[in-house]
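Chemist: Sharing a structure here in structure tokens format.
The values are calculated or read from the model by the stated rules, or taken from the named source; none is laboratory data. What you are looking at is a predicted structure, and each value in this text was computed from that prediction instead of being measured. In this analysis, Cβ positions are derived from the backbone assuming ideal geometry, glycine residues included, and neighbour counts consider all displayed protein chains. Quick note on the areas: whole protein, heavy atoms, side chains included, nothing else; ligands and nucleic acids left out. Shrake-Rupley method; radii C 1.70, N 1.55, O 1.52, S 1.80 Å.
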Amino acid sequence: MKNKLCLIWIVLFVLGCGRLPQDKQARLKQADVYAAQGHKYIARSIELYKGLIKEETSANLRDGLKLKLGDLYSEMGRYAEAVDCFSGIESPEAKKKLAIAYFKNSQLTDALAQFDRLGKLNDNDYLYYYGQTLEKNNLYDKALEIYSLIPKIDKNYAKVKSRINAINLSEDISPLKNLSESIIKNAPNQQDYPEAGAVILLSEEDFEAFENNTAQYDTHIVAKIFNERGKQEFSEIQIPYDSTFEEVKLDFARTIKPDGTAVYVGDKNIRDVSMYLNYPLYSNARVRIISMPEVTEGAIIEYRAKVFQKQLVNKKDFVLNYAAQENEPVKISKLNIKIPQDKNFNYKVINLEYNKFSAVLNPKISIVDNKKVFSWQIENIPEILPEPDMSPASRINPIIMMSTFEKWDDVYKWWYALYRDKIGIDKDIQNKINELIKNKTTLKDKMRAIYNFCAKDIRYVAVEYGQAGYEPHQAKDIFKNKYGDCKDQAILLVAMLRSIGINAYPVLIGTYDTINLDRDFPSINFDHCIAAADFEGERIFMDPTGETVSFGDLPAMDQDRLIFAVLDDGYKIISTPTFGAQQNYSQIKMQITINEDDSIYARRQADTKGFFQQGQRYWIQFTKPKLIEETLKSTANAIAPGARLIKYNIENADDLDKDIVLEYEFQAPEFLAKADGSRLLPQLGGIDISSVGKEERNYPIEYSTLFETTVITEIKLPKNLKLKYLPQNLKIDSEWFEFENSYTEKNRLITFFERYRLKKKLITQDEYKEYKGLLEDIARKVNQNIILQEK
């Protein structure tokens, strides 16, 4: 087939360039005849060899024929067939050729095993491919050892020397080569950035889209290391890419040591690995990892790399997001976008209120070589300093959004075409559906059963949307493999629901940590895919990647987000629901009986809903039973030092349709503190003030969802003690939350009740001072103890 394509290409080339002169036409015709005869003779040779092998009764002669056929296949580049021929032949020559054929057929594990079995042979070609195999398996030191066995007089030694140089590191005493001298000479120190682990001296990024709808992304980074945090951040450089449509080229990478010498990265410092090694469906999601050598405090790391995109997202458009700030300070940041003049290009800056460093976020626009160029340069950018419970970076970092999509309908047509032929089901899926819905009387119960199957029995592979391509796999492949990423799980769920008559469809969503969809800015800022269904006037969203999320519920990251619903007749931009405190709550009940010797017997139960139950279910399902028991023991010991766990009971952890039951009992000595004939109970309530430690905040406090927590504690007093003091009740209703706690006593039974209900997810910087004061005032007021007295 390959040769036929070559001939077709030659014909098209000739036709496209005009007619060849008469003498050349004759030569071309003769060449075509020889090519055709060559193919015919090769095919006839293979046929004859196979016939002789089949007829031959002598094992030795048969092996000799197979060796000849294997050589022919190898010369033709048909290495898989060569492997078949060489396999099973016991001669040393055949074993060597088998090892090389394995390598050339990309069977690297088999090649390595074969080479290792044969060992170091006196055959230079064999040794060269042995070294190549070791390199491909990241065994660089051993590869150098094998290469060293090849004498310099070998005709192919130039190739060997090239590989040795590529593997080894080299030092350069002129570190300012390829780097602005002033950047290094004026590099700041730790004293200039006391909070930083490193400083990015230069960040240069260039993206160019070409007329043929391919693209190239270049990046050049220079960073100075200050301390251990900086070493950890920049010692391993990762460049993710999709091997289906992208190629990565590292121009160079080096570490400039504090003494001024530069150590360059060699091949043994570079690995190219699958991001999801155990999941063949996503083998195209890869990462190039560069291990920077000799990274020490005061060193400077520099690298320049290119990513070549063989095609754009939908073969014509691209989307980029450029965040101004990083986790470390940046001295100079440059971005250039170069596109054909006739190509649409939109940009929009979000989170402008956080541009406290006066960056110019609108581009300079110019025409260079008949292309439009959009350029940004920002200097002296401060790092983002984390604060407790702060908003995600997507909402506090000035971001330049860029997109060539002209309208949302373009996004719809592209993605609908990707998934519409993927939702067909086969006999196996239909049989499973019949099994799941058997004895289910309502359509909603059938939906729930199918959702539970997709959530629990299809393993979720956490591949961020777009990381392994945008196109989902066939529903039948996901069902067969029993694993999938978000878009694949959603497609399988949609396919199964449609088979029972439910109008289900996939939904593209940017989750809590991601840029939210902008109705006025067509783009693909989605990091996740879920499903939705219209049922009896209700729209039900379902995220099958949440293996502990019950039907009708959603993970907090999916709630209150604008989404892109891909229907058969068009798209809809709508919002996912926000589940309030009534949906997300935790209630802890505890009954304590105090004995006359101050020891106690206690029983504790946890009742959860919403994201509290999702987390609790996950903890139970994915924690070893022994560790669960140890955690309950630790919790009991924190309540009453010296506590001994008596027993515990967990139910329904694997049943998404039922609430989890978690209860346990424990005993403890000397629960009460003694003070002059009185007894003090430990403080029963409290409020979390960890988010208000700072006097002022740079960023808002933001909670992912609304919630409510309740604590009810009943304490039975012994006959030898009576109540002396109950703390005052407290009730607060603010714009941000409700808080109340109360104490009552009747017939030697003390009941403590405390409730916290979050009403507002976002507390702004302007509100912070008042919010902080209120929380701290509550913390002081609830810092009280019940006091008992001996009768």
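Chemist: So, with +1 on the Cβ of K and R and -1 on the Cβ of D and E, and no other charges, what is the size of the charge dipole of the range 667-748 about its Cα centre, to the nearest 20 debye?
Modeler: 860 debye
Chemist: Trypsin sites (Lys or Arg not before Pro) within the range 641-742: which are DSSP loop residues with at most 16 other Cβ atoms inside 10 Å?
Modeler: Qualifying residues, ordered by number: LYS658, LYS694, LYS719.
Chemist: Size of the dipole of the range 708-781 about the Cα centre, Lys and Arg at +1 and Asp and Glu at -1 on the beta carbon, nothing else charged, in debye to 20? Before the final figure, lay out the partial values.
Modeler: Numbers: 16 positive and 13 negative charges, 123 e Å.
Dipole size: approximately 580 debye.
Chemist: To continue, here is another question. Assign one of three labels to the range 278-367, namely rounded, prolate or oblate, based on the Cα gyration tensor with a ≥ b ≥ c the square roots of its eigenvalues; rounded applies when a/c is under 1.5, prolate when it is not and a/b is larger than b/c, and oblate otherwise.
Modeler: Note, shape of the range 278-367 comes out oblate.
Chemist: Just one of (i) 60, 35, 32; (ii) 47, 33, 28; (iii) 72, 31, 24 is semi-axes √(5λ) of the Cα gyration tensor in Å calculated from these coordinates, so which is it?
Modeler: (i)
Chemist: Could I ask something else about it? Can you check what the net charge comes to around LEU121, using other residues whose Cβ is under 13 Å from the Cβ of LEU121 (Lys, Arg +1; Asp, Glu -1)? Intermediate results must be reported in sequence, preceding the final value.
Modeler: Values: positive: LYS95, LYS96, LYS97, ARG117, LYS120; negative: GLU93, ASP116, ASP123, ASP125.
With Lys, Arg at +1 and Asp, Glu at -1, the net is +1.
Chemist: Could I ask something else about it? Can you count the Lys pairs in the range 523-681 whose Cα atoms are under 24 Å apart, with each pair 8 or more apart or on different chains?
Modeler: Here the count comes out as 16.
Chemist: Determine which residues of the range 220-250 fall in the zone a paramagnetic label at GLU204 would reach in this model, i.e. backbone nitrogen under 11 Å from the point 7 Å along Cα→Cβ.
Modeler: Answer for this model: 220-222.
Chemist: Oh, and also: Quick one: net charge of GLY70's neighbours, Cβ under 9 Å, K/R +1, D/E -1?
Modeler: 0
Chemist: In addition: What shape does the range 345-416 have by the C-alpha gyration tensor, where a ≥ b ≥ c are the square roots of the eigenvalues, rounded means a/c under 1.5, and otherwise prolate means a/b greater than b/c and oblate the rest?
Modeler: Verdict is oblate for the range 345-416.
Chemist: Which lysines, if any, have their Cα less than 19 Å from the Cα of LYS482, not counting same-chain residues under 8 positions apart?
Modeler: LYS482 reaches LYS422, LYS427, LYS432, LYS456.
Chemist: Need the list of aspartates and glutamates near LYS348 for cross-linking: C-alpha distance under 17 angstrom, and skip anything on the same chain fewer than eight residues off.
Modeler: Leaving aside aspartates and glutamates fewer than 8 places away in the same chain, those within reach of LYS348 are ASP317, GLU406, ASP518, ASP520.
Chemist: At q = 0.11, 0.18, 0.19, 0.20 Å⁻¹, what log₁₀ I(q)/I(0) does the range 648-791 have when each alpha carbon counts as one equal point scatterer in the Debye sum?
Modeler: Values returned for q = 0.11, 0.18, 0.19, 0.20 Å⁻¹ are -0.60, -1.09, -1.13, -1.17.
Chemist: Using helices alone, what [θ] at 222 nm do you get for the chain, with -39,500 (n - 2.57) per DSSP H run of 4 or more residues, divided over all residues and rounded to the nearest 500?
Modeler: Counting only the DSSP helices, I get -10000 deg cm²/dmol.
Chemist: Amide H of SER283: which non-local residues (sequence gap of 5 or more, or other chain) have their own amide H closer than 5 Å, using H built in the peptide plane?
Modeler: Sorted by chain and number, the residues that satisfy this come to none at all.
Chemist: Please give me, ordered by residue number, the trypsin sites (Lys or Arg not before Pro) of the range 336-389 that lie in loop per DSSP and have at most 10 other Cβ atoms within 10 Å.
Modeler: Those that pass, being in a loop and sparsely packed, are LYS356.
Chemist: What FRET efficiency would be calculated for the residue pair GLU195, ARG44, taking the C-beta separation as r and a Förster radius of 60 Å, to the nearest 0.05?
Modeler: For R0 = 60 Å, the calculated efficiency reads 0.20.
Chemist: Roughly to the nearest percent, how much of the accessible area of the range 724-765 is carbon and sulfur, given a 1.4 Å probe?
Modeler: Answer for the range 724-765 is 47 percent, counting heavy atoms of protein chains only.
Chemist: Let me ask you something else. So how far apart, in nm, are the two label points at THR744 and ALA113 if each is 7 Å from Cα heading toward Cβ?
Modeler: 7.3 nm
Chemist: Hey, rough spin-label estimate for LEU627 and VAL349, points 7 angstrom out along Cα→Cβ, what's it come to in nanometres?
Modeler: Going from the LEU627 label point to the VAL349 one covers 4.7 nm.
Chemist: Run the paramagnetic zone check for ILE289: 7 angstrom along Cα to Cβ, then residues of the range 231-270 with backbone nitrogen under 16 Å.
Modeler: Once the point is set 7 Å along Cα→Cβ of ILE289, 232-241, 266-270 turn out to lie under 16 Å by backbone N, inside the range 231-270.
Chemist: Report the full-extension gain for the segment ASN138 to ASP251: residue separation times 0.36 nm, less the Cα-Cα distance, to one decimal in nm.
Modeler: On the way: separation 113, 0.36 × 113 = 40.68 nm, distance 1.99 nm.
Gain in length upon complete extension: 38.7 nm.
Chemist: Once you place label points 7 Å from the Cα toward the Cβ at GLN683 and ASP568, how far apart are they in nm?
Modeler: The answer from the label model is 6.1 nm.
Chemist: How much length is gained on full extension from ASP259 to ARG539, taking 0.36 nm per residue of separation minus their Cα-Cα distance?
Modeler: Working: separation 280, 0.36 × 280 = 100.80 nm, distance 6.49 nm.
Roughly 94.3 nm would be gained on extension.
Chemist: List the equivalent ellipsoid semi-axes of the range 674-729 in whole Å, largest first, each obtained as the square root of 5λ for an eigenvalue λ of the Cα gyration tensor.
Modeler: Over the Cα atoms of the range 674-729, the semi-axes work out to 37, 16, 8 Å.
Chemist: Would you list, by chain and number, the aspartates and glutamates whose Cα falls below 19 Å from the Cα of LYS769, excluding same-chain residues fewer than 8 positions away?
Modeler: In chain and number order, the partners are GLU387, ASP389, ASP688, GLU695, GLU696, GLU702, ASP733, GLU735, GLU738, ASP777.
Chemist: Could you please report the charge total around ILE530, scoring K, R as +1 and D, E as -1 over all other residues with beta-carbon less than 9 angstrom from its beta-carbon?
Modeler: Result for the neighbourhood of ILE530: -2.
Chemist: Would you please give the FRET efficiency between ARG229 and ALA80, computed as 1/(1 + (r/R0)^6) with r the Cβ-Cβ distance and R0 = 30 Å, to the nearest 0.05? Can you show the working numbers first?
Modeler: Details: r = 49 Å, r/R0 = 1.63.
For ARG229 and ALA80, the calculated efficiency is 0.05.
Chemist: Once fully extended, how much extra length lies between GLN238 and GLU663, figured as 0.36 nm per residue of separation less the alpha-carbon to alpha-carbon distance?
Modeler: Working: separation 425, 0.36 × 425 = 153.00 nm, distance 4.55 nm.
Once the chain is fully extended between GLN238 and GLU663, it gains 148.4 nm.
Chemist: Please list 305-314, 88-97, 483-492 highest first by mean number of surrounding beta-carbon atoms within 10 Å per residue.
Modeler: 483-492, 305-314, 88-97
Chemist: Which trypsin sites (Lys or Arg not before Pro) does the range 379-466 hold that lie in a coil by DSSP with at most 11 other beta carbons within 10 Å?
Modeler: The qualifying sites are LYS407, ARG420, LYS438.
Chemist: While we're here: So if R0 is 56 Å, what FRET efficiency would TYR618 and ILE153 give, r being the distance between their Cβ atoms, rounded to the nearest 0.05? Could you put the intermediate results ahead of the total?
Modeler: Details: r = 64 Å, r/R0 = 1.15.
So, using R0 = 56 Å, E works out to roughly 0.30.
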